[in-house]
Amino acid sequence: MIIRQLIYLDALARERHFRRAADACHVSQPTLSTAIAQLEEELGVLIVERGRRFQGLTKEGEVVLAHARRILAEADLLKESIAELKNGVSGRIRLGAIPTALPMIAHITAPFSKRYPAVQLTVLSMTSGEIQAGIDNFDLDVGLTYLDNEPLQSVVSKPIYQEGYVLLTREDGPLGGREAITWAEAAGLKLCLLTADMQNRRIIDGIFRSVGEAPRPAIETNSIFNLCSHAGIQGVSSIVSLQLLEFFGIPIGTKALPLVEPEAQRTIGLIVADRQPFAPLARKLLTMTEPVAEAVLPRQPVGR
């Protein structure tokens, strides 16, 4: 068994197509197919379902893939550790962040880049489920996600900030004179919310359930920016994170009302895989990142 065979298998599992996998590995398709066949022969099991096209991995193949990815991650970790000893801190970190945390990401990446300018940072917007899968499958080094709402598996975490929630609505609308609104009242409004595949939406639905309500959103989106823009439409209000408004400001023509009864918050933080030893760069990012101060509502809309 050689590392190259495991690289080919990993590529095939990702691409689900022999030619595309071969192209990704910069080899010919026969070279990739032969290497996987040799791996099957050495292990004495079928790894790939045989057919005219790629049909998936066998049950044994899924086990082999899981071990292959762990071995490849360990090989990368070995290279990083040696490179750090020889050349100082360098390399690449892949960080997945939930969309509602993107306005806060610079609090993490900017200090790290300043201290380690030779390190390349890749930041991806992902759902919390995708982040967990990325950590599990070695596709991500670090995640920025919710820590206290849906269980996380096999990770080490560090709290960074508390996410708060406000109602964004037109200032010339019926709620323009209010200073706050309850969750029960908000349930009866025409709302724009994130889509159900995003944990932020599941959190908000859970808060509504806690007060005996079940809102029926008029508009759903997977974009935090669309949440803000739709709040400018007459008759539509959005529930957004306080951190989003603290970073971008309150859009012209809208007003942000604190959501109360309850005053709900959820913890967002960094996660890395609970594997020893930690990847050097992931360990450094986790260690040096400090908690962010509690967000406050901006006093004036943007441009006012």
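As for the range 112-119, it holds no residue that is out of contact with any Gly (no Cβ under 6 Å at 6 or more places or on another chain), over 20 Å from Ala279 (Cα atoms) and surrounded by fewer than 16 Cβ atoms within 10 Å (Cβ to Cβ). Summed over the range 35-74, residues that are touching a Lys or Arg at 6+ places or on another chain (Cβ under 6 Å) and over 15 Å from Ala11 (Cα atoms) total 0. Set side by side, the residues Thr100, Thr109, Thr122 differ, and just one is of a type in the set (Val, Ile, Thr), loosely packed, with under 14 Cβ neighbours inside 10 Å and in contact with a strand residue (DSSP E or B) (Cβ under 6 Å, 6 or more places away or on another chain), which is Thr122. For His26, the criteria (1) in contact with an Asp or Glu (Cβ under 7 Å, 6 or more places away or on another chain); (2) on the phi > 0 side of the Ramachandran plot hold in every case but one, which is (1).
Rundown of residues vs (1) surrounded by fewer than 19 Cβ atoms within 10 Å (Cβ to Cβ); (2) on the phi < 0 side of the Ramachandran plot; (3) of a type outside the set (Ser, Thr, Tyr), yes/no style:
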{"residue": "Ile204", "(1), (2), (3)": "no, yes, yes"}
{"residue": "Arg209", "(1), (2), (3)": "yes, yes, yes"}
{"residue": "Gly212", "(1), (2), (3)": "yes, no, yes"}
{"residue": "Arg216", "(1), (2), (3)": "yes, yes, yes"}
{"residue": "Ile219", "(1), (2), (3)": "yes, yes, yes"}
{"residue": "Ser223", "(1), (2), (3)": "yes, yes, no"}
{"residue": "Gly232", "(1), (2), (3)": "yes, yes, yes"}
{"residue": "Gly235", "(1), (2), (3)": "yes, no, yes"}
{"residue": "Ser241", "(1), (2), (3)": "no, yes, no"}
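Here's the yes/no breakdown for (1) in the same structural domain as Glu74 (by TED's automatic domain parsing); (2) modelled with pLDDT under 90; (3) surrounded by 19 or more Cβ atoms within 10 Å (Cβ to Cβ); (4) within 27 Å of Leu78 (Cβ to Cβ):
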residue: Asp10; (1), (2), (3), (4): yes, no, yes, yes
residue: Arg19; (1), (2), (3), (4): yes, no, no, no
residue: Ala24; (1), (2), (3), (4): yes, no, no, yes
residue: Ser28; (1), (2), (3), (4): yes, no, no, no
residue: Leu46; (1), (2), (3), (4): yes, no, no, no
residue: Arg50; (1), (2), (3), (4): yes, yes, no, no
residue: Gly61; (1), (2), (3), (4): yes, no, yes, yes
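The values are calculated or read from the model by the stated rules, or taken from the named source; none is laboratory data. Not measured: the values here are computed from a predicted model. Here the Cβ is made from the backbone with ideal geometry for all residues, glycine too, and neighbour counts use every protein chain on show.
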